[in-house]
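**Student:** Before I ask anything, let me first share the structure, which is written out below as structure tokens.
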Amino acid sequence: MNQEFTLTIFSENSIGLLNRITIIFTRRKLNIESLTVSESAIKGVFKFTIVVNCEEHNVKNLVKQIEKQIDVIRAFYLSSDEILHQEIAMYKIKTSSLLESNLVEGIIRRYNARILELTKEYTVIEKTGHKAETQELFEQLKPYGVLQFVRSGRVAITRLKKEHLSSYLENLEKEHRQPVEA
Amino acid sequence: METLTIEKEKTTEKKIQSMTGSDALLQSLITEGVSTVFGYPGGAIMPLYDKLLDYKKEISHILTRHEQGAIHAAQGFARATGKPGICFATSGPGATNLVTGIADAYMDSTPLVCITGQVFSHLLGTDGFQETDVVGVTMPITKWNFQVTKAEEIPEAIAKAFYIACSGRPGPVVIDITKDAMMNTFDYSYEKCSYIRSYIPEPRVKTPQIEAAAKLINEAKKPLAVIGQGVILGNAEKELLAFVNKSGIPIASTLLGLSSIPNNHPQFTGRVGMHGNIGPNIKTNECDLLIGIGMRFDDRVTGVVSKYAPQAKKIHFEIDKAEINKIIKVDAPVLGNVKETLAQILDFIQPDQYPEWLAEFEACSKEEYNRVAKEEVHPSDGKINMGEVIEVLNQQSKGDAIIATDVGQHQMFSMLYCKFKDTRAWITSGGLGTMGFGLPAAMGAQFGCPDKKVISISGDGGFQMTMQELGTIAYNKLPLKMIVLNNNFLGMVRQWQELFFDERYSNTPISSPDFVALAASYKIKGETVNDRSTLKDAMERMWRSEGAYILEIKVAAKGNVFPMVPAGASVSDVIYGDEHK
Ligand SMILES: Cc1ncc(C[n+]2csc(CCOP(=O)(O)OP(=O)(O)O)c2C)c(N)n1
């Protein structure tokens, strides 16, 4: 049965690694639903967050193939109930439609969105939440004319009590420094 | 004590010297112990080729007749010697000509370091002359690849390349170097790589895994072990032998596992897979414990997966975590280099013997001999058979030769009938099944093992794919022995057409040049054998000849390889080939 999984991948910052990782998906004809890459809390270590729909045995193999890449430090997969995640969406509407009716303001309030920028011509609204929530706001704003709508990839944080990576890295370094003769 | 510390100082002392990127590359290779390189020059790699002249004493460069020949030669060299194979190619078409060999080496875990020239760094991404995105092209088929655009990156890139190619589960690495990086000067120093924090080549052996596996082994009544190339790659032949002897377990080999244990070992029951032996294939579905050792349950081994040993508990000795449960779910994975895990499990297993269980294999062998092998190997009349040729070769070699094959029926016959005494004596393209592999791979093996008899066995089709390497063989006076089994067909495909496509022989009849005359034009000796009565003597002449020799043997046009597990069938649904006779 297909299920949504979030993969977290920690890697070195090396050129071409993103390509190596996405090839692993495309070769198995798996579609990447969302992808975010940025530096992690550990300096020099990069974090990929990838969302994919597939069966659990697929994702298990996927993670092992990803971890097999030389520049990947660790890769994990988590099911939806093991993570908290957010996406950010931005909507550009004509400022006139905001001013002409107070309905738009009501929508912004109800959806816990906020106004980022307001000019004579346009207004930019921002909302964070799950995809379904940001989508819903889009549907609500649509009748008032949305000039642009953008949504980020997912950022996710685990519900685990411990951060594995930093202790993992520390152990690695410790073991490596141990003299072999000892 | 004193000498020890002095030595240590020597190795850690970094000598710094100003030199060009090309010099640095060659110095790095020398430090890594390289003395043979296969390659082909061209524009982007010219600075490196120029410098080769200055290192003639240390590095011999073998100019092949095609880059594909260079990389297959590097593969043959690596498989025969256990050292990494090195090849050079220029940018664009030179590099793309390597691709088949890189893919082949990736599938068969062969350690290679491929150096490709690249256009000047300022031309990258401009569709410059002979610019190909080599890193992009080879990404899915390399263990690691890297583009060098500055001379000073060369030592570290090369050090990493060797470490990655050779450690853990080996594989091919590509280093793409821009022309300016080869030409620019920098302060060179070299440090071998032995650690990359994001890369764990050998998972640490976990004793509980060993114990769990040992428990299954000790409880088993009908165990069967399938040996793969991992044993050879891990230099674990001795450990395997000790394990096999103590456990008493019947063993079988995958295509690439051959020669890891002499095939006259009393517990050796044959080969598994599509054209494997009846015994181990059928018994796979009768054993109560199946042990994979350094193998990866390829679909040519398993047949249809759902019907592969469903009754058996399974153990998997494997170095690559990604192979565990990839295809076959196992009860007891044993992660680690088999050299360590096999050695460690020895203390946990009881000595045992399985005479009755082994006798069942023996009965299968007899049946196979009577229904398949007898007529193949000792036919009463008609044209020469491929299996028969291998048997005559065995009589000559006594198993003391390196055999490199191409891909097709002759490959399967070689697998079924070749005898091996020593390890690393069997070189064939397994995972990719690359026609054209055999001749250049044999050539590379001969460069690596100049004192060994190296025999290449090809079909008339595959030989024509890379036969330009006759030029390399002749020029270098290699004493390579070449057998071409000529059936005037692309035999293996023809066999499938016969069995599964109503004998519609679409594009499988193939014509050939006069191979002996062709070889003669390179001043290589040889002869054609048409008749059974002259085969043995001709084989002996080839064996005794000083230099290279080609033996073209005209074999039956429509011979078939059996036994066979048809695609999509269970391994126990073997056909003998005599069913409709
Ligand atoms: C490069 C490549 N192209 C095509 C194939 C498909 N193929 C597999 S076996 C075979 C026939 C080989 O014929 P030949 O070399 O004459 O050997 P034989 O089977 O007759 O022993 C072909 C075409 C392949 N394995 N490799």
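The values are calculated or read from the model by the stated rules, or taken from the named source; none is laboratory data. In this text the structure is predicted, and so the values were computed from the model without any measurement. Backbone-built Cβ (ideal geometry, glycine too); neighbour counts: all protein chains shown. Accessible surface areas use protein heavy atoms only, side chains included; no ligands, DNA or RNA. Shrake-Rupley method; radii C 1.70, N 1.55, O 1.52, S 1.80 Å.
**Student:** For B:ASP299, indicate whether it is under 29 Å from B:TRP496 (Cα atoms), open to solvent by 10 Å² or more (accessible area, probe 1.4 Å) and of a type in the set (Asp, Glu).
**Tutor:** On the way: under 29 Å from B:TRP496 (Cα atoms): yes; open to solvent by 10 Å² or more (accessible area, probe 1.4 Å): yes; of a type in the set (Asp, Glu): yes.
When the stated conditions are applied, B:ASP299 passes them.
**Student:** Then there's this: Based on this model, can you work out whether B:ALA548 counts as open to solvent by less than 50 Å² (accessible area, probe 1.4 Å) and not charged (D, E, K, R)?
**Tutor:** On the way: open to solvent by less than 50 Å² (accessible area, probe 1.4 Å): yes; not charged (D, E, K, R): yes.
Yes, satisfied.
**Student:** It is to be established whether one or more residues within region B:444-456 are crowded, with 23+ Cβ neighbours inside 10 Å, among the aliphatic types (A, V, I, L, M) and either in the same structural domain as B:TYR40 (by TED's automatic domain parsing) or near the ligand (Cβ under 10 Å from one of its atoms) (or both).
**Tutor:** Looking for residues that are crowded, with 23+ Cβ neighbours inside 10 Å, among the aliphatic types (A, V, I, L, M) and either in the same structural domain as B:TYR40 (by TED's automatic domain parsing) or near the ligand (Cβ under 10 Å from one of its atoms) (or both), one finds none in region B:444-456, hence no.
**Student:** If you scan region B:378-424, which residues turn out to be surrounded by fewer than 18 Cβ atoms within 10 Å (Cβ to Cβ) and within 14 Å of the ligand (Cβ to nearest atom)?
**Tutor:** Hit for region B:378-424 is B:LYS383, nothing else.
**Student:** Taking region B:139-151 on its own, how many of its residues are free of Cβ contacts under 8 Å to residues at least 24 places away in the same chain and either open to solvent by 30 Å² or more (accessible area, probe 1.4 Å) or more than 7 Å from every other protein chain (Cβ to nearest Cβ) (or both)? Give the derivation first.
**Tutor:** Filtering region B:139-151 down to residues free of Cβ contacts under 8 Å to residues at least 24 places away in the same chain leaves B:139-140.
Add one more test, that the residue is either open to solvent by 30 Å² or more (accessible area, probe 1.4 Å) or more than 7 Å from every other protein chain (Cβ to nearest Cβ) (or both), and what stays is B:140.
So the answer is 1.
**Student:** Quick check on region A:50-75: of everything there that is among the hydrophobic types (A, V, I, L, M, F, W, C) and within 13 Å of chain B (Cβ to nearest Cβ), which residue is farthest from the chain's Cα centre (by Cα)?
**Tutor:** Step by step, filter region A:50-75, then rank; the result is A:ILE70.
**Student:** Let me ask another. Give region B:567-578 a look and list any residue that's open to solvent by less than 30 Å² (accessible area, probe 1.4 Å) and within 12 Å of B:ASN281 (Cα to Cα), or say none.
**Tutor:** B:ALA569, B:SER570, B:VAL571, B:VAL574
**Student:** If I go through region B:428-437 residue by residue, how many of them are within 20 Å of B:GLY39 (Cα to Cα) and more than 9 Å from the ligand (Cβ to nearest atom)?
**Tutor:** Total satisfying the criteria: 0.
**Student:** Where residues in region A:31-42 are in a strand (DSSP E or B) and open to solvent by less than 40 Å² (accessible area, probe 1.4 Å), which of them is farthest from the other protein chains (Cβ to nearest Cβ)? So that I can check it myself, show each step before the final result.
**Tutor:** To start, the set of residues in region A:31-42 that are in a strand (DSSP E or B) comprises A:32-39.
In the following step, the residues that additionally are open to solvent by less than 40 Å² (accessible area, probe 1.4 Å) were identified as A:34, A:36.
Details: A:SER34: 22, A:THR36: 20 Å.
Once the filter is applied, the top-ranked residue is A:SER34.
**Student:** Further question on the same structure: Provide a single number: the residues in region B:461-499 that are closer than 24 Å to B:ALA80 by Cα and within 12 Å of the ligand (Cβ to nearest atom).
**Tutor:** In the first step, residues of region B:461-499 are kept if they are closer than 24 Å to B:ALA80 by Cα; the result is B:462-485.
The next check asks that each one be within 12 Å of the ligand (Cβ to nearest atom); those that pass are B:462-467, B:483-485.
Adding up the residues that qualify gives 9.
**Student:** Limited to region B:107-133, what total is found for residues that are in a loop (DSSP other than H, G, I, E, B), within 19 Å of the chain's Cα centre (by Cα) and surrounded by fewer than 22 Cβ atoms within 10 Å (Cβ to Cβ)?
**Tutor:** Kept after step one, since they are in a loop (DSSP other than H, G, I, E, B), are these residues of region B:107-133: B:108-111, B:119-120, B:124-133.
Now drop any that are not within 19 Å of the chain's Cα centre (by Cα), which leaves B:108-111.
Add one more test, that the residue is surrounded by fewer than 22 Cβ atoms within 10 Å (Cβ to Cβ), and what stays is none.
Total meeting the criteria: 0.
**Student:** Can you tell me which of A:LYS68, A:LYS64, A:LYS47 is under 30 Å from B:SER194 (Cβ atoms) and modelled with pLDDT under 95?
**Tutor:** Numbers: A:LYS68 fails: modelled with pLDDT under 95; A:LYS64 fails: modelled with pLDDT under 95.
Unique residue meeting the criteria: A:LYS47.
**Student:** Go through B:ASN235, B:ASN245, B:ASN277, B:ASN263 for me and flag whichever is buried (at least 22 other Cβ atoms within 10 Å of the Cβ) and either among the polar types (S, T, N, Q) or outside the structural domain of B:VAL330 (by TED's automatic domain parsing) (or both). Even if it seems obvious, please write down each step before you answer.
**Tutor:** On the way: B:ASN235 fails: buried (at least 22 other Cβ atoms within 10 Å of the Cβ); B:ASN245 fails: buried (at least 22 other Cβ atoms within 10 Å of the Cβ); B:ASN263 fails: buried (at least 22 other Cβ atoms within 10 Å of the Cβ).
Going through B:ASN235, B:ASN245, B:ASN277, B:ASN263 in turn, just one is buried (at least 22 other Cβ atoms within 10 Å of the Cβ) and either among the polar types (S, T, N, Q) or outside the structural domain of B:VAL330 (by TED's automatic domain parsing) (or both): B:ASN277.
**Student:** Give me a count of the residues in region A:43-53 that are crowded, with 20+ Cβ neighbours inside 10 Å and either in contact with a helix residue (DSSP H, G or I) (Cβ under 6 Å, 6 or more places away or on another chain) or in contact (Cβ under 8 Å) with a residue 40 or more places away in the chain (or both).
**Tutor:** First, pick out the residues of region A:43-53 that are crowded, with 20+ Cβ neighbours inside 10 Å: A:46, A:48-52.
Next cut, either in contact with a helix residue (DSSP H, G or I) (Cβ under 6 Å, 6 or more places away or on another chain) or in contact (Cβ under 8 Å) with a residue 40 or more places away in the chain (or both) only: A:48-52.
Looking only at that region, the number is 5.
**Student:** Since B:LYS374 meets every condition but one in (1) within 16 Å of the ligand (Cβ to nearest atom); (2) over 17 Å from the mean Cα position of the chain (by Cα), which condition does it not meet?
**Tutor:** Of (1) within 16 Å of the ligand (Cβ to nearest atom); (2) over 17 Å from the mean Cα position of the chain (by Cα), only one is false for B:LYS374: (1).
**Student:** May I ask you to say which residue of B:GLY577, B:GLY526 is touching a residue at least 12 places away in the same chain (Cβ under 8 Å) and within 16 Å of the ligand (Cβ to nearest atom)?
**Tutor:** Values: B:GLY526 fails: within 16 Å of the ligand (Cβ to nearest atom).
Going through B:GLY577, B:GLY526 in turn, just one is touching a residue at least 12 places away in the same chain (Cβ under 8 Å) and within 16 Å of the ligand (Cβ to nearest atom): B:GLY577.
**Student:** A further question follows. Could you tell me whether any residue of region B:337-359 is more than 14 Å from chain A (Cβ to nearest Cβ) and within 16 Å of the ligand (Cβ to nearest atom)? First the steps, then the outcome.
**Tutor:** Step one: list which residues in region B:337-359 are more than 14 Å from chain A (Cβ to nearest Cβ), which gives B:337-359.
With within 16 Å of the ligand (Cβ to nearest atom) added as a condition, the list becomes none.
No; the residues of region B:337-359 include none that is more than 14 Å from chain A (Cβ to nearest Cβ) and within 16 Å of the ligand (Cβ to nearest atom).
**Student:** Would you say B:GLY136 is surrounded by fewer than 17 Cβ atoms within 10 Å (Cβ to Cβ), part of a loop (DSSP other than H, G, I, E, B) and not hydrophobic (A, V, I, L, M, F, W, C)?
**Tutor:** Working: surrounded by fewer than 17 Cβ atoms within 10 Å (Cβ to Cβ): yes; part of a loop (DSSP other than H, G, I, E, B): no; not hydrophobic (A, V, I, L, M, F, W, C): yes.
The answer is no for B:GLY136.
**Student:** Does A:LEU78 qualify as being open to solvent by less than 30 Å² (accessible area, probe 1.4 Å) and more than 14 Å from chain B (Cβ to nearest Cβ)?
**Tutor:** Values: open to solvent by less than 30 Å² (accessible area, probe 1.4 Å): yes; more than 14 Å from chain B (Cβ to nearest Cβ): yes.
The answer is yes for A:LEU78.
**Student:** Any residue in region B:193-211 that's within 19 Å of B:ILE164 (Cβ to Cβ) and within 11 Å of another protein chain (Cβ to nearest Cβ): show its pairings with residues that are crowded, with 16+ Cβ neighbours inside 10 Å and among the charged types (D, E, K, R) at Cβ separation under 6 Å, as long as the two are six or more apart or on different chains.
**Tutor:** Close Cβ pairs satisfying both conditions: B:SER198/A:GLU12; B:SER198/A:ASP71.
**Student:** Let me confirm something: among A:ILE157, A:ILE125, which residue is open to solvent by 80 Å² or more (accessible area, probe 1.4 Å) and of a type in the set (Val, Ile, Thr)? Walk me through how you get there before you give the answer.
**Tutor:** Numbers: A:ILE125 fails: open to solvent by 80 Å² or more (accessible area, probe 1.4 Å).
Exactly one residue qualifies, and that residue is A:ILE157.
**Student:** OK, next. List, please: which pairs have Cβ atoms under 9 Å, are six or more places apart or on different chains, and start with a residue in region A:1-30 that is away from every other protein chain (no Cβ under 14 Å) and end with one that is among the small types (Gly, Ala, Ser) and crowded, with 18+ Cβ neighbours inside 10 Å?
**Tutor:** Taking only residues 6 or more apart or on different chains, the pairs are A:THR6/A:SER34; A:THR6/A:ALA156; A:LEU7/A:ALA75; A:THR8/A:ALA75; A:THR8/A:ALA156.
**Student:** Let me ask another. Does any residue in region B:460-476 that is in the same structural domain as B:VAL529 (by TED's automatic domain parsing) and open to solvent by 10 Å² or more (accessible area, probe 1.4 Å) come within less than 7 Å, Cβ to Cβ, of a residue that is near the ligand (Cβ under 10 Å from one of its atoms) and assigned to a helix (DSSP H, G or I) six or more places away or on a different chain, and which pairs are these?
**Tutor:** Partner pairs satisfying both residue conditions: none exist.
**Student:** If you don't mind, there's one more thing I want to ask. Within region B:311-330, is even one residue open to solvent by 20 Å² or more (accessible area, probe 1.4 Å), more than 29 Å from the chain's Cα centre (by Cα), in contact (Cβ under 8 Å) with a residue 12 or more places away in the chain and under 30 Å from B:LYS206 (Cα atoms)?
**Tutor:** Taking every residue of region B:311-330 in turn, at least one turns out to be open to solvent by 20 Å² or more (accessible area, probe 1.4 Å), more than 29 Å from the chain's Cα centre (by Cα), in contact (Cβ under 8 Å) with a residue 12 or more places away in the chain and under 30 Å from B:LYS206 (Cα atoms).
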